[in-house]
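Chemist: Next up is a structure, given as structure tokens.
The values are calculated or read from the model by the stated rules, or taken from the named source; none is laboratory data. Predicted model, so just to flag it, every value in this text is computed and none were measured. Cβ atoms come from the backbone with ideal geometry, glycine included; neighbour counts cover every protein chain shown.
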Amino acid sequence: MEKILDGKAFANLLGQNLKEKVKKLKDEGITPHFCVINIGDDPASKIYVRTKKRRAEKMGIIQDIYQMPADTKQEEALALIDKLNADPAINGLMVQLPAPKQIDADALLERIDPNKDVDGLTPANIGHLWMGNHFVEPATAEGIIALLKHYEIPLEGKNVVIIGRSNIVGKPLAALMLEQNATVTIAHSRTKNLGEITKKADVLVSATGQAFLVKADMVKDGAVVVDVGMNHVDGKLVGDVDFDKVKEKTSYITPVPGGVGPLTVQFLMEAVVKLTRRQNK
Ligand code: NDP
């Protein structure tokens with residue numbers, strides 16, 4: 001029988017602890033304060049930004065939203081990042097992606113002060129991640145590792161297959177899995193015989209944005225399956241995994257919604273507090 005990895009419940013548990021930490025910081029006269037820069041009108045981005053804001057408020061963290069118009073110029077976005085980098089009252093900042101076409105998003109990320117990089121996506125922090133001396137990690141990847149630890153699922157020596165090689169999910173998760181002494185395979189859209197590879201996974205993570213990509217015949221009996229995907233099908237939020245059939249084969253599986261999503265938001269808040277403490281040491 002599969003067990004559900006309840007990301008929502010775990011995020012709420014972590015949230016209680018974080019609220020306490022924020023309260024202690026406030027007693028020391030420090031209120032964690034971060035900024036989200038959102039450029040343009042991507043509807044999903046607007047929802048994510050609002051979700052973060054609600055969570056931040058719940059944690060006692062200040063979150064400012066800088067909503068910039070769709071025709072924002074690169075220099076204008078860079079100037080805002082420079083201003084926030086230089087402001088000692090701001091502990092963290094992030095750029096909500098995707099950005100409109102005229103914007104070079106990599107150049108924006110590169111401009112963020114690594115000490116305020118709550119998403120862990122600046123080149124400096126990606127380098128730290130792979131070198132093993134990181135102080136901030138991309139939230140989704142960190143959330144997945146924490147969730148598996150919370151359920152006491154061992155990673156050492158396990159075959160971990162990650163489908164997806166994005167900078168925000170697949171690659172950082174691979175780095176963190178290696179750190180846990182897992183043997184890691186990263187698959188992507190050009191991978192041949194995907195099912196053969198995924199069938200070898202003790203832990204299978206899918207982060208592709210392709211609804212129902214992972215079918216039951218691609219999963220080993222007793223595997224742990226983590227579904228990062230968020231796809232809208234017939235007005236419903238679904239993951240990458242054909243949940244109802246795949247769950248019959250797994251020992252543990254994350255649902256969508258209620259799995260990885262709430263952890264991503266929670267770990268962003270954890271990163272804000274971590275960087276705030278680091279800056280005030
Ligand atoms: P990207 O589009 O940046 O990356 C998708 C990856 O999946 C790419 O590496 C791509 O391969 C690979 N891929 C696409 N189709 C296939 C396929 N048919 N077979 C194998 N690999 C495939 O997406 P993100 O990493 O940003 O996000 C992935 C999903 O996770 C999305 O649904 C997103 O909404 C969700 N997400 C959820 C979060 C959460 O908190 N739950 C947080 C972040 C993202 P290639 O590189 O070759 O193109």
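Chemist: Go through the stretch 38-62 residue by residue and tally those that are touching a residue at least 60 places away in the same chain (Cβ under 8 Å) and in contact with a strand residue (DSSP E or B) (Cβ under 8 Å, 6 or more places away or on another chain).
Modeler: Here the count works out to 5.
Chemist: Then there's this: For the structure I just gave you, tell me whether Ala201 is in contact (Cβ under 8 Å) with a residue 40 or more places away in the chain, within 21 Å of Gly7 (Cβ to Cβ) and crowded, with 20+ Cβ neighbours inside 10 Å.
Modeler: Working: in contact (Cβ under 8 Å) with a residue 40 or more places away in the chain: yes; within 21 Å of Gly7 (Cβ to Cβ): yes; crowded, with 20+ Cβ neighbours inside 10 Å: yes.
Considered against the rule, which asks whether it is in contact (Cβ under 8 Å) with a residue 40 or more places away in the chain, within 21 Å of Gly7 (Cβ to Cβ) and crowded, with 20+ Cβ neighbours inside 10 Å, Ala201 comes out as yes.
Chemist: I would also like to ask the following. Please enumerate the residues belonging to the stretch 234-267 that are farther than 28 Å from Gln16 by Cα and either within 10 Å of the ligand (Cβ to nearest atom) or under 16 Å from the mean Cα position of the chain (by Cα) (or both).
Modeler: Asp240 - this is the single residue of the stretch 234-267 that is farther than 28 Å from Gln16 by Cα and either within 10 Å of the ligand (Cβ to nearest atom) or under 16 Å from the mean Cα position of the chain (by Cα) (or both).
Chemist: Counting only residues that are part of a loop (DSSP other than H, G, I, E, B) and within 14 Å of the ligand (Cβ to nearest atom), which one in the stretch 168-198 is surrounded by the most Cβ atoms within 10 Å (Cβ to Cβ)? Walk me through it before giving the result.
Modeler: We begin by selecting, within the stretch 168-198, every residue part of a loop (DSSP other than H, G, I, E, B); these are 168-169, 180-182, 188-193.
Next, from what is left, pick out any that are within 14 Å of the ligand (Cβ to nearest atom): 168-169, 188-193.
On the way: Ile168: 19, Val169: 25, His188: 13, Ser189: 10, Arg190: 6, Thr191: 15, Lys192: 7, Asn193: 9.
The extreme case among them is Val169.
Chemist: With the checklist (1) among the charged types (D, E, K, R); (2) closer than 21 Å to Leu263 by Cα; (3) under 19 Å from the mean Cα position of the chain (by Cα) in hand, flag the one item Lys21 doesn't pass.
Modeler: All conditions pass for Lys21, except number (3).
Chemist: Provide a single number: the residues in the stretch 93-138 that are within 16 Å of the chain's Cα centre (by Cα) and within 22 Å of Ala77 (Cβ to Cβ).
Modeler: Number satisfying all stated conditions: 17.
Chemist: Having 1 or more residues that are surrounded by 14 or more Cβ atoms within 10 Å (Cβ to Cβ) and assigned by TED's automatic domain parsing to the domain that holds Gln180 is the bar; report the strands (runs of 3 or more DSSP E) wholly within the stretch 55-165 that clear it. Explain how you work it out, then say what you get.
Modeler: Numbers: elements: 62-68, 92-96, 159-163.
Because the criterion is at least 1 residues that are surrounded by 14 or more Cβ atoms within 10 Å (Cβ to Cβ) and assigned by TED's automatic domain parsing to the domain that holds Gln180, the strands (runs of 3 or more DSSP E) in the stretch 55-165 that meet it are 159-163.
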